[in-house]
Each structure stands twice: as structure tokens, then as C-alpha cells.
Amino acid sequence: MIKIDRKKINMDKIRKYPTVNEALDKEYGEVGTTSRKKFTEQAQAYFTGQLIEDARKKAHLTQDELAKRVGSNKSYISRIENGKTEPKVSTFYRIAGALGLSVDLNPIHSYEFNK
């Protein structure tokens, strides 16, 4: 375990670093702008793909095996996992079922989706 001497931490220097939201605003525009919406959509597609890839690997399936289970092809599964495309909702449910997963829909409270 690493011990940190809190007396040596320069809080003034730390406070000057931008927050994650400030950095995103600077790089992709403020929430509600077209560029920020595009970034958010791409980030969500990538995240969804990573969830599917992780679940597929935990299920010890290849992309080809998963594709056959859902009536698709390996190329399509690869594009989903790499965040290049997002599956239709019906396909997403088939993928989840083929991986032994359930999909729960719960209300979210995020300012990003309310603008």
C-alpha cells in the first residue's frame, strides 16, 4: 500500500486542473451542441460495444459463434464491438439473450439526456 503525505499535496495546483465536464466542453462543445451530441452518441456506441465484447468473451464465444446465435455475421458483431455501428433494439435483445443476459430499463437522472 502506498502512503501519501497529505501535507505535500499542492491543492491550489490540483484545483487548477479542469473537471471532466470542463474538459469535455472544451474538446467537444457544451452539452446540447451538435458536436457534443455526436461525441456522446459515439461514446455510447463504443461503451455498448465493449459491454457486448466483454460478455461474449466471458461466455467463451467467438464473434462468429455469437453471430450465428443471433442470425447475423461476424463482421456485424465486430462493427458493434468496435463502436462503429449500433444494433437495432431487437438485435440488441437477441445478442443479450444469446449471451445469457437480461436487459433492465430504469429511469436515469442525467443532465446530458435532458437537454
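The values are calculated or read from the model by the stated rules, or taken from the named source; none is laboratory data. Source: prediction; values computed, not measured. Note: ideal-geometry Cβ built from the backbone for every residue, glycine included; neighbour counts use all protein chains shown.
Side notes on the structure shown:
- Residue match in segment 77-95 (condition: modelled with pLDDT of 95 or more, assigned to a loop (DSSP other than H, G, I, E, B) and touching a Leu at 6+ places or on another chain (Cβ under 8 Å)): no
- Every residue from segment 1-18 that is assigned to a helix (DSSP H, G or I) and either among the β-branched types (V, I, T) or at pLDDT 90 or above (or both): I14
- Some residue of segment 8-28 being in contact (Cβ under 8 Å) with a residue 40 or more places away in the chain and surrounded by 15 or more Cβ atoms within 10 Å (Cβ to Cβ): no
- Matching entry among K57, K68, K38 (being surrounded by 14 or more Cβ atoms within 10 Å (Cβ to Cβ), not in a loop (DSSP other than H, G, I, E, B) and not polar (S, T, N, Q)): K68
- Residue match in segment 19-30 (condition: at pLDDT 95 or above, part of a loop (DSSP other than H, G, I, E, B) and of a type in the set (S, T, Y)): no
- For segment 106-115, the tally of residues that are over 16 Å from the mean Cα position of the chain (by Cα) and either at pLDDT 75 or above or not aromatic (F, W, Y) (or both) stands at 5.
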